[in-house]
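S.K.: To start, I am sharing the structure in question, which I have written as C-alpha cells.
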Amino acid sequence: MNSLKFFPVLVFLLSFSVISTGNDNSIPNPEEVLVIMQKTADWQLIHPWHNSKLDWEYGAFYSGIWALYKSSGNEKYKEEIRKVGEENNWKLRNDIYHADRLTIAQSFADMYLEEKDPLMLEKIQWVMDMYIDRTAEADVRFEGNPYVFEWWTWCDALYMAPPAFARVYTATGNIKYLDYLDKHWWLTSDYLYDTTEHLFYRDDRFFNARTENGKKVFWSRGNGWVMGGLVRVLQHMPEDYPTRPKYITQYKEMASKIAAIQGSDGLWRSSLLDAEEFPIGESSGSAFFCYALTWGINQGLLDKKEYLPVVLKAWYALVNNVDPDGMMGYVQQIGDSPKAISKTDWQVYGTGAFLLAGSEILKLKK
C-alpha cells in the first residue's frame, strides 16, 4: 500500500496546528496535507447529505474517501465504503442504465481489487454486462431524446460510468468492458467536445448558449467531471490499448486550456470563459482540475515547470476554502450549468474532489 504512516500523537498534535497556506512555489508538507484531508472527510461524514449513498453525489465522495484511505492507511475510511456496500448487498440503484448509478461502482470495484471478495464485484459486473448486451444504437442527444438518461448524453457521465467500466476490466481482465467504455466515450466526446476551445459542453442545450457578455457557456464542474474521468480511466487503461493516445491527447488539450484560464486567486469560475458572470472561485470544479493536473505531473504527462505553479496555487486556494471545522465551502450546488455560490455552500462531491486532489498533491516530489 502506498500510504503515509503517522503516529497517533503526531496526527493529534497536527490536527490542532494551523495549516500552512505556503506560497505558489512551495510543495506542501505531506503531514499537513493529510491532516486537512482527514479534517474535511471527518466533517463531511458527520454532516451527511440526504440523498441515497448509492447515488452520484456520494459516489464522487467515496472515490475521494478511497483515495484518502490509500493515502493514509487509515482503515476507518475503507470501512465507510464497506458499510455502504454491505448495507446494500453491493447492489446499485435500479435504473441501471443511468450513468450516475455507476459512480459508486468505482469504489466497490476498488474494494474488490484489494480484497478479492466476489460479492463486491458480481452485481456491478452483471449490470455492465447488461449494458454491453444491448443491441440498440446509442443516442447521445440530450434535448428531445426520450432515452436521454440511458446513454452518456451529458458530459458529467464521463466521470460517472467509464471509470467503473475501466476498473471492472482490471478486475476481470475482460477487454469487453474497456471496449464498451471506449466506444461510448468517443461517441459522447465527438458530440460534446469543442475542438476549438478544448472544453466540453455540458450537453447539446448549450451549443448555442451565450452568457450575458456573449461568451460560450462551459461549466466548470462539468469539465472537472470530464478531466477526473480521463484520469480515472487512464489509471486502468493498458499502455498498449489502441486508442489510449487519443485520451492522452484530449487530456493534454484540456489541461493546457484549463491552466490558461485559471483565476489569479488559483481557482476557476463556474462559467469558465466568463469570469465576470459569477466572479467567485468555485471549489468543486477547481478541485477536480487540481486533481487531474497534479496527476498529470506525477505521471510525467505534463511539464512540471509549467504546471506545478498552477496546481500549487489551486491547492492553497482550495485549502483556504475549508473553514476551521473542516467544511469545504464555495461548492456549487447540484445543477447542470454555471450558477452563483457562497461561502457556506457545501456538498459531498466537493469534499470528494478535494480528497482526490490531496491524494495527488501528496505524491508531488520536490
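S.K.: If we only count helices (runs of 4 or more DSSP H) wholly inside the stretch 237-336, which ones have 2 or more residues that are free of Cβ contacts under 8 Å to residues at least 60 places away in the same chain and either among the β-branched types (V, I, T) or surrounded by fewer than 20 Cβ atoms within 10 Å (Cβ to Cβ) (or both)?
M.R.: Values: elements: 244-260, 283-298, 304-320.
It comes to 244-260, 304-320.
S.K.: Next question, about the same structure. For residues that are assigned to a helix (DSSP H, G or I) and aromatic (F, W, Y), scanning just the stretch 205-236, find the one that is nearest to Q262 (Cα to Cα). Give the steps one after another, and end with the answer.
M.R.: Looking only at the stretch 205-236, we keep the residues that are assigned to a helix (DSSP H, G or I), and these are 205-206, 220-234.
Adding the requirement that they be aromatic (F, W, Y) leaves 206, 225.
On the way: F206: 22, W225: 17 Å.
Checking each candidate, the answer is W225.
S.K.: Among residues belonging to the stretch 141-155 that are in contact (Cβ under 8 Å) with a residue 40 or more places away in the chain and out of contact with any Asp or Glu (no Cβ under 8 Å at 6 or more places or on another chain), point out the one that is surrounded by the most Cβ atoms within 10 Å (Cβ to Cβ).
M.R.: W152
S.K.: Taking E114, is it over 24 Å from Y330 (Cβ atoms) and surrounded by fewer than 16 Cβ atoms within 10 Å (Cβ to Cβ)?
M.R.: Working: over 24 Å from Y330 (Cβ atoms): yes; surrounded by fewer than 16 Cβ atoms within 10 Å (Cβ to Cβ): yes.
Answer is yes for this residue.
S.K.: When residues of the stretch 50-64 are filtered for being more than 18 Å from the chain's Cα centre (by Cα) and either in contact (Cβ under 8 Å) with a residue 12 or more places away in the chain or assigned to a helix (DSSP H, G or I) (or both), how many remain?
M.R.: The initial filter retains those residues of the stretch 50-64 that are more than 18 Å from the chain's Cα centre (by Cα), namely 50-52.
In the following step, the residues that additionally are either in contact (Cβ under 8 Å) with a residue 12 or more places away in the chain or assigned to a helix (DSSP H, G or I) (or both) were identified as 52.
Of the residues in the stretch 50-64, 1 are more than 18 Å from the chain's Cα centre (by Cα) and either in contact (Cβ under 8 Å) with a residue 12 or more places away in the chain or assigned to a helix (DSSP H, G or I) (or both).
S.K.: Write out, first by first residue and then by second, each pair whose Cβ atoms fall under 6 Å of each other, whose residues are 6+ apart or on separate chains, and whose first residue, in the stretch 186-198, is farther than 8 Å from V140 by Cβ while the second is in a helix (DSSP H, G or I) and among the aliphatic types (A, V, I, L, M).
M.R.: H198/M254
S.K.: Another one. Give, as residue ranges, the helices (runs of 4 or more DSSP H) completely inside the stretch 114-186 that count at least 3 residues that are under 22 Å from A353 (Cα atoms) and in contact with a helix residue (DSSP H, G or I) (Cβ under 7 Å, 6 or more places away or on another chain). Steps first, please.
M.R.: Working: elements: 119-133, 157-160, 162-172.
Per the criteria, 157-160, 162-172.
S.K.: Pick out the one residue from A109, A138 that is crowded, with 19+ Cβ neighbours inside 10 Å and at pLDDT 95 or above.
M.R.: Numbers: A138 fails: crowded, with 19+ Cβ neighbours inside 10 Å.
The unique qualifying residue is A109.
S.K.: Taking the stretch 346-366 as the region of interest, how many residues are modelled with pLDDT of 95 or more, of a type outside the set (A, V, I, L, M) and surrounded by fewer than 20 Cβ atoms within 10 Å (Cβ to Cβ)? So that I can check it myself, show each step before the final result.
M.R.: Pass one, the stretch 346-366, residues modelled with pLDDT of 95 or more: 346-364.
Among the residues that remain, those that are also of a type outside the set (A, V, I, L, M) are: 346-347, 349-352, 354, 358-360, 363.
Filter again for surrounded by fewer than 20 Cβ atoms within 10 Å (Cβ to Cβ), leaving 363.
Residues meeting the conditions: 1.
S.K.: Which of the residues that make up the stretch 189-204 are part of a helix (DSSP H, G or I) and either at pLDDT below 95 or crowded, with 17+ Cβ neighbours inside 10 Å (or both)?
M.R.: We begin by selecting, within the stretch 189-204, every residue part of a helix (DSSP H, G or I); these are 189-192, 204.
Across the stretch 189-204, the qualifying residues are S189, Y191, L192, D204.
S.K.: Within the stretch 156-185, can you find the residues that are crowded, with 24+ Cβ neighbours inside 10 Å, of a type in the set (D, E, K, R) and either in contact with a strand residue (DSSP E or B) (Cβ under 8 Å, 6 or more places away or on another chain) or closer than 26 Å to E143 by Cα (or both)?
M.R.: Correct list: D156 only.
The values are calculated or read from the model by the stated rules, or taken from the named source; none is laboratory data. These figures come from a predicted structure and were not determined experimentally. Here Cβ is always computed from backbone atoms with ideal geometry, including for glycine, and neighbour counts include all displayed protein chains.
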